[in-house]
Structure formats: structure tokens, C-alpha cells
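Asks: Here it is: the structure, laid out below.
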Amino acid sequence: MISNNNGTTPTQPITIGRVAPDFTALTTQGPITLSQFRGKWVLLFSHPGDFTPVCTSEFIAFSQLYDEFINRNVQLIGISIDSNPAHLGWFVSILENSGITIPFPLIADRNAEVSTLYGMVNPDRIYETSVRDVFIIDPVQRIRSILAYPATNGRNMYELLRLIDALQVSTEYRVSTPANWMPGDPLIIPVPTTYDEVLKRINDPESLGLQCKDWYYCYKNYDDVVNQNNIPAQAPAPTPTQTPAPTTTPTTNSSSFTNIISATNTNTNTTTYSNKINNTSSVSSVKKTEFKKG
Ligand code: BEZ
């Protein structure tokens, strides 16, 4: 059932910027093909195994923040080497224990074909298991980010959302995001490429709407970038078979998202944790359409 759609074994490692290898695979929602999600961002994430505690906590956390991913035009796809019946049984157990229905597909990668295609199987491992990899794939199906976590430690969903927000704003506008950037924070403007521009940034950055620490290190307010849309991104050239992403209308504020992350940082006990999760319902209106999809 699972196949690499171009029928080849990849010889090149999966790295940021490369086209995400297409595949068809059996999931808890029936067969899926990666390329059916062109036009959306895809977060493909592996987990070591069903009926394990850290993985269970992650699936619950992904499900609780599902609307946040949908609002950002992100399709979640899980993957492990367990069988489809095992996945289905695990989902029933999660439903029974937590009342949560897992709303996204989970691939049954029995022969580790997709895992191998994406380089998730560490050759040093005795068994063919994946750990906790994350591949963020953009709407023209290029790999935009790769993260790896160990089996013992669950991922931070809020960091995944923050990274998606950062990738989306960088894709839509020709900007970068500094360390610890949060949606709504000032954005970094590309370095000048001519001597005249350098001098202008040194002598009169305000006339350019910039706050500069140095000629190569300038910020612009988030609202000025997003509302004026005056720094058009250099969109990656789609291949002939790739469909450009649909654009959506900007809508909301970003401060609520900051609250989610702040809540994460104050997470010291179970009560705070539940508050954080409860908080998410109040931010489900945080439509990341604010960052028009690139
Ligand atoms: C877990 O999800 O709890 C887990 C899975 C594999 C190894 C260690 C922990």
C-alpha cells in the first residue's frame, strides 16, 4: 500500500529546500498521497510507537491545538511503523481515556518505506524505528524545516506553531525573524546590497521606516510590513506540476498567540497546564491568515 510515488530510492539526503518526496500511504483516514495536500503547509511528524505515554501526550496535544494548525493552513500527518489496526486501537484508547478524537491521519508505515524515504531511520539503530522527527513542508512541497527529538522527550506544540508562523511571514514577505521572535514582534529586513542603501540606512533609517542597530541589522515593525506589504517575498519558483498556494485574507491579532506561549513558559504544574490548554480555545480565533499563505 505504501509506495514512493516516483518508484525510486532516494539517493540524496532530505534537507531544507529540497522537494519533499511524494508518497502514497495507508492511514487511519484511508490512503493518502502527500501531493494531494499541495496548496497547504504539511507538518509530517513521526513517533516511536503506539500505546506509549509520551506519544499519547503528543497526540492529545496536537489534537487540542488542531484548530490552530488548521487556521494556519497546516495539514497534520502522523507516522509510525505500527500497523493500521494498532493505530486504530490506540485512537480508541485515547478516546476512552481522554475523550479526544484524533482529527488527523496517522500513517501505518509497516515496512518503514516512508520513514526511510525521509531519512527518519537512523542506520545506527538496531531496530527500524523512527524517533520524533518533524518535517514542515510548504504549499509548493518543499521541505522548509526539519526537527528531531528523542523518544524520551515530547515536542512543544507551541514552538511548532511559532515556527510555522515565522516560516509563513518569511515566505509572504521578504523578512527574517530574530531569536525568540513571536508573532507581532518586529521583523528583520534583508541587508542592503548597494553602498547607497548602506549609507541611507546609516544616515536616515527612519525615512525607510526602519529601526537599525547597524547598517546590516535593521528591524521594521510587524504591522508596517504586514499591512503595507511593501517587501514582497521572492516566491520560490513552482515546478510545472506544483500548484501555487491559495491566498487568504488577513484577519486577526497576534497577541493571543503570545499569550499561549507565555502560558507555556509559566507551565509549572498540572493546573497551569490545563489552563494553558483551556486558553487555547480562547485563541482559536487566532487565524494565521494574518500571514497570507505563500
Ligand atoms: C513514549 O512515547 O513514551 C516512548 C516511546 C518510545 C520510547 C520511549 C518513550
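Asks: Hey, can you tell me all the residues within region 147-181 that are touching a residue at least 60 places away in the same chain (Cβ under 8 Å), within 16 Å of the ligand (Cβ to nearest atom) and of a type in the set (A, V, I, L, M, F, W, C)?
Replies: Answer for region 147-181, where residues must be touching a residue at least 60 places away in the same chain (Cβ under 8 Å), within 16 Å of the ligand (Cβ to nearest atom) and of a type in the set (A, V, I, L, M, F, W, C): 151, 157.
Asks: Examine region 22-31 for a residue that is out of contact with any Asp or Glu (no Cβ under 7 Å at 6 or more places or on another chain), within 22 Å of residue 157 (Cα to Cα) and not polar (S, T, N, Q), and state whether such a residue exists.
Replies: no
Asks: Still on this model: Which fully enclosed strands (runs of 3 or more DSSP E) of region 1-113 have 1 or more residues being farther than 27 Å from residue 166 by Cβ and within 16 Å of the ligand (Cβ to nearest atom)?
Replies: Values: elements: 23-27, 30-33, 41-46, 74-80, 106-108.
Per the criteria, 74-80.
Asks: Given the conditions (1) among the charged types (D, E, K, R); (2) modelled with pLDDT of 95 or more; (3) within 14 Å of the ligand (Cβ to nearest atom), and given that residue 144 satisfies all but one, which numbered condition is not satisfied?
Replies: (3)
Asks: Any residue at all in region 117-128 that's in a strand (DSSP E or B), at pLDDT 90 or above and more than 17 Å from residue 48 (Cβ to Cβ)? Give the steps one after another, and end with the answer.
Replies: At the first step, the residues of region 117-128 found to be in a strand (DSSP E or B) are none.
No, region 117-128 contains no residue that is in a strand (DSSP E or B), at pLDDT 90 or above and more than 17 Å from residue 48 (Cβ to Cβ).
Asks: Further question on the same structure: I want to confirm something. Restricting to region 79-103 and keeping residues that are modelled with pLDDT of 95 or more and touching a helix residue (DSSP H, G or I) at 6+ places or on another chain (Cβ under 7 Å), which single residue is surrounded by the most Cβ atoms within 10 Å (Cβ to Cβ)?
Replies: Here the answer is 79.
Asks: Can you list residue pairs whose Cβ atoms sit under 6 Å apart, with the first residue in region 25-48 being of a type in the set (S, T, N, Q) and the second being in a loop (DSSP other than H, G, I, E, B) and more than 16 Å from the ligand (Cβ to nearest atom)? Count only pairs 6 or more apart in sequence or on different chains.
Replies: Sorted first by the residue in region 25-48, then by its partner, the pairs are 27/105; 28/105; 29/105; 35/22.
Asks: Which residues, taken from region 189-226, are of a type in the set (Ser, Thr, Tyr) and surrounded by 15 or more Cβ atoms within 10 Å (Cβ to Cβ)?
Replies: Here is the first cut: in region 189-226, the ones of a type in the set (Ser, Thr, Tyr) are 193-195, 207, 216-217, 219, 222.
Matches in region 189-226: 219, 222.
Asks: Please verify whether residue 139 is part of a loop (DSSP other than H, G, I, E, B), surrounded by 18 or more Cβ atoms within 10 Å (Cβ to Cβ) and away from the ligand (no atom under 16 Å from the Cβ), treating the condition exactly as stated.
Replies: Values: part of a loop (DSSP other than H, G, I, E, B): yes; surrounded by 18 or more Cβ atoms within 10 Å (Cβ to Cβ): yes; away from the ligand (no atom under 16 Å from the Cβ): yes.
For residue 139, the condition - part of a loop (DSSP other than H, G, I, E, B), surrounded by 18 or more Cβ atoms within 10 Å (Cβ to Cβ) and away from the ligand (no atom under 16 Å from the Cβ) - is met.
The values are calculated or read from the model by the stated rules, or taken from the named source; none is laboratory data. All of these numbers come straight from a predicted model, not from anything done at the bench. Note: ideal-geometry Cβ built from the backbone for every residue, glycine included; neighbour counts use all protein chains shown.
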